[in-house]
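The numbers here are math on the coordinates, done by the rules we state, and not lab data. Computed from a prediction, not measured in an experiment: that's the story for all the values here. In this analysis, Cβ positions are derived from the backbone assuming ideal geometry, glycine residues included, and neighbour counts consider all displayed protein chains.
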């Protein structure tokens, strides 16, 4: 969601001051009226990596959506082989008739592992997973051939105590509200784009704007969905990618050790 202009608070987008003059890529590169897919991210992200390495600089990829990271770093084919407009339209009509939860339950019946990683309200991703399964017979999480990495990389995973993590998420949502998240969500609500319907931190306020829910209920939904998303992120990276895990919240004193590991990796890569 950070690719979209004007979505700053709800996406925790890094500010100009926080960037400290360091070039950041794939931020504010799309209008809200435009679509953005994992294939777009793969193509544009690899282009950015090539541009950075051409300057003899080290690309640092930061983010939390596992599929996007894997698609960027691995020989992960995206495209026509597993696409079927007819299947997609069928499930779009199903969702319009029976709702997102029933659509997700259908995915769970066919591909339980994929369903565990996708929120039931993320209709686009649920339909995509169903499309891949129906077209190929394989889970979207299980390519026919294990993808090979295109780059040498060192993946750092950040974790901490589950209760502490959830408390920090709740506190961050409260801070976002103080910074003007409600106004940002209202602007998005008035535009009603496909992206706005999917984004955690925005869509939860729509029932409030429609007069169907109290504000506190909406805030509670933002917190709950954010916690669930964090859990799915951790599950993905633990099961799908080889990460070096660190708890820098409870053990900030381990930062020098992490820095040493990264330096050793860089030295071995250059050697």
Original post:
Among 104, 245, what is the fewest-to-most ranking by other Cβ atoms within 10 Å?
Top reply: 245, 104
Subject >> Kirkwood estimate for the range 80-136, i.e. one over the average of 1/r between Cα atoms, Å >> reply: 10.9
**OP:** Evaluate the distance, in nm, between pseudo-label points positioned 7 Å from the Cα of residue 93 and of residue 138 along their respective Cα→Cβ axes.
**Re:** 2.9
Original post:
Calculated from the structure, Cα extents along the principal axes in Å equals which of [x] 73, 71, 33; [y] 56, 50, 39; [z] 59, 47, 35?
Top reply: [z]
Original post:
What nm value, rounded to one decimal, do you get for the distance between residue 209 and residue 102 when each label is placed 7 Å out toward the C-beta?
Top reply: 2.7
Subject >> Backbone N under 11 Å from the residue 265 label point (7 Å along Cα→Cβ), restricted to the range 216-252 >> reply: 242-246
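Gain in length, residue 245 to residue 156, computed as 0.36 nm per residue apart minus the alpha-carbon separation, to one decimal in nm? Provide the component values of the computation, followed by the final result.
Values: separation 89, 0.36 × 89 = 32.04 nm, distance 0.61 nm.
Result for the pair: 31.4 nm of gain on full extension.
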**OP:** Extending each Cα 7 Å along its Cβ direction at residue 84 and residue 32, get the distance between those two points in nm, one decimal.
**Re:** 3.6
**OP:** Grab the DSSP H runs of the chain that are 4 residues or longer, score each as -39,500 (n - 2.57), total them, divide by all residues and round the 222 nm result to the nearest 500 deg cm²/dmol.
**Re:** -17500 deg cm²/dmol
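Stretched out fully, how many nm does the piece from residue 22 to residue 57 gain, at 0.36 nm a residue minus the Cα gap?
So the extension gain works out to 11.5 nm.
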Original post:
Can you list the residues of the range 164-180 with backbone N under 16 Å from a point 7 Å past the Cα of residue 224, pointing along Cα to Cβ?
Top reply: 170
